[in-house]
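> The structure's right below; bear with me while I get my questions together.
What follows draws every value from the coordinates through simple rules; no lab data is involved. Not measured: the values here are computed from a predicted model.
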Amino acid sequence: MKITNAEFIISAVGPAQYPEDGLPEIALAGRSNVGKSSLINKLIQRRNLARTSSQPGKTQHLNYYRINDQMYFVDVPGYGFAKVSKTQRQAWGRMIEAYLQEREPLQLVIQVIDLRHPPTKDDIAMYEWLTHYEIPICIVATKADKIPRSKWQKHLKEVRTTLGLPSGAPLIMFSSETGAGRDELWEFINQHVKPLEGDADSELAAQELQAGQDEATE
Ligand SMILES: Nc1nc2c(ncn2[C@@H]2O[C@H](COP(=O)(O)OP(=O)(O)OP(=O)(O)O)[C@@H](O)[C@H]2O)c(=O)[nH]1
Ligand SMILES: [Mg+2]
């Protein structure tokens, strides 16, 4: 996928601030510090567009990034972050749940988990919640560079078993450090996210998306 344009749009605190142009949205969900923002940066090949940090809980709003004027990546606050007040955590929870359940342009949730460890209780709860609401989901197991290649399969299997992923459910291994899994994830996105229909611009965007896909599969 060739990224011609990637822009930070807004750090939204609620629906009133969500974009209104109807472009498809892909949300990144996952535990604090698991590597959601780094994954966005790697996908769009910008070093630091999405803010990353070694301190968990940095991303506290829904951060919108517009990619090639075709889609948004929405960086969702990490779950399981203990160092904020309970009230604050509940407020975030409500906003995120409402967003995930009701947001019309949302076409895909990328749930990011850490390949090094078995999915946590929070990961499992999130996965079950998303599947319960029939939200299209792709599991991405990141930080693959942190474990030896010889152990990848074993860890992937553990992820599948612990989450109870049905066979055929998408699970992609990733590393924001090395870029492993980047092409595969773009291919998945291009196959599963439908471009906005209706005007000449988006027709063109659809063609470009297709071209990007062809490029990725060559
Ligand atoms: N080695 C390695 N480190 C990574 C990878 N992805 C993220 N990290 C590191 O993990 C830490 C957290 O990454 P972030 O991308 O900020 O995580 P996040 O999920 O956005 O965190 P919050 O916004 O706090 O929820 C940073 O120190 C990153 O450099 C990866 O694939 N490999
Ligand atoms: Mg983040």
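> Which of Lys2/Lys42; Lys42/Lys146; Lys2/Lys143; Lys36/Lys154; Lys121/Lys194; Lys2/Lys157 have a Cα-Cα distance over 21 Å?
Checking Cα-Cα distances, Lys2/Lys143; Lys36/Lys154; Lys121/Lys194; Lys2/Lys157 exceed 21 Å.
> If you don't mind, another one. Using bins 10 angstrom wide from zero, how does P(r) for the range 135-202 break down, in % of all Cα pairs?
The distribution over the range 135-202 is 17, 43, 26, 10, 4, given as percents.
> Still on this structure: Is the shape of the range 158-197 best called rounded, prolate or oblate, per the rule: a/c under 1.5 gives rounded, else a/b larger than b/c gives prolate, else oblate, with a ≥ b ≥ c the square roots of the Cα gyration tensor eigenvalues?
Note, shape of the range 158-197 comes out oblate.
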